[in-house]
Each structure stands twice: as C-alpha cells, then as structure tokens.
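Just below is one structure, and these are the notes that go with it.
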Amino acid sequence: MVQYAVTLKDGDWTVFDDGQPVAGELSRSAAVQMAKDLAFEAEERGETVELLIQGYYGELSRRLTGGPDAD
C-alpha cells in the first residue's frame with residue numbers, strides 16, 4: 001500500500017508520499033490535484049492507495065482505493 005497526503009505545513013500546502021514530502025509551497029487545489037494524480041498512477045500499477053487530505057479547518061478526509069483488497 002502507498003499513502004499520499006495533503007497537509008498544511010509551515011503555512012503552505014504540501015504533498016507527502018509515504019510520509020516523505022514530494023512537493024511544497026502549493027495552493028491547496030494544486031496539492032490535491034497532484035496527490036490525486038499520484039494516486040491514480042499507483043492504482044494503475046495495481047497498488048492499494050490511501051489518500052489523506054486535510055481540509056481548511058484541519059479536518060481530515062481518508063479514501064482507500066485500488067489494489068486487490070479495495071472495495
């Protein structure tokens with residue numbers, strides 16, 4: 001399984017891949033799009049993907065997709 005996350009870090013939106021930052025200083029919409037694109041590519045490879053996206057008020061949404069064990 002791979003995990004992609006979008007969080008607000010030091011005042012900027014950052015995209016993480018398995019806990020490692022891969023892009024920062026983004027707008028929230030650009031960060032979410034990048035994370036979705038990375039998730040899509042991983043799903044195409046047959047991997048299970050956990051996508052975590054922080055909202056403007058700190059709430060966290062989680063989606064689990066792809067791979068043989070996903071719904």
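The values are calculated or read from the model by the stated rules, or taken from the named source; none is laboratory data. Keep in mind it's a predicted model, so treat the numbers as computed, not measured. Cβ: placed from backbone, ideal geometry, glycine included. Neighbour counts: every protein chain shown. The accessibility values were calculated without ligands, DNA or RNA, using every heavy atom of the protein model including side chains. Shrake-Rupley method; radii C 1.70, N 1.55, O 1.52, S 1.80 Å.
With a 1.4 Å probe and all protein chains kept in place, how much accessible area does residue 8 have, in Å² rounded to the nearest 10?
80
Quick one: helix 28-44 against the long Cα principal axis of the chain, what's the angle to the nearest 10°, folded into 0 to 90?
For 28-44 against the chain, the angle is about 10 degrees.
Provide the net charge surrounding residue 18, with neighbours chosen by a C-beta distance below 13 Å and charges set as Lys +1, Arg +1, Asp -1, Glu -1.
Result for the local shell: -3.
Ranked from the most accessible area to the least, with a 1.4 Å probe and all protein chains present, what is the order of 4, 57?
Details: 4 10, 57 210 Å².
The residues order as 57, 4, largest area first.
Pop out the carbon and sulfur fraction of the accessible area of the chain as a percent, whole number, probe 1.4 Å.
Whole-percent figure for carbon plus sulfur exposure: 48.
What accessible area per residue, rounded to a whole number of Å², is obtained for the chain using a probe radius of 1.4 Å?
Each residue of the chain exposes 64 Å² on average to a 1.4 Å probe.
Which one, (i) 1.39; (ii) 0.98; (iii) 1.22, gives Rg/Rh (Cα atoms, Kirkwood Rh) as derived from the coordinates shown?
Only one option fits the structure, namely (ii).
Report for the chain the percent antiparallel among DSSP-assigned beta bridges with both residues inside it, nearest 5.
Details: 16 of 21 bridges.
So the antiparallel bridges amount to about 75 percent of the total.
Starting from the residue with the highest accessible area, list 1, 34 in decreasing order, probe 1.4 Å.
Highest to lowest solvent-accessible surface, that is 1, 34.
How high is the relative contact order of the chain, in percent, counting Cα pairs under 8 Å that sit 6 or more residues apart? Before the final figure, lay out the partial values.
Numbers: 136 pairs, mean separation 20.7, N = 71.
Across the chain, relative contact order equals 29 percent.
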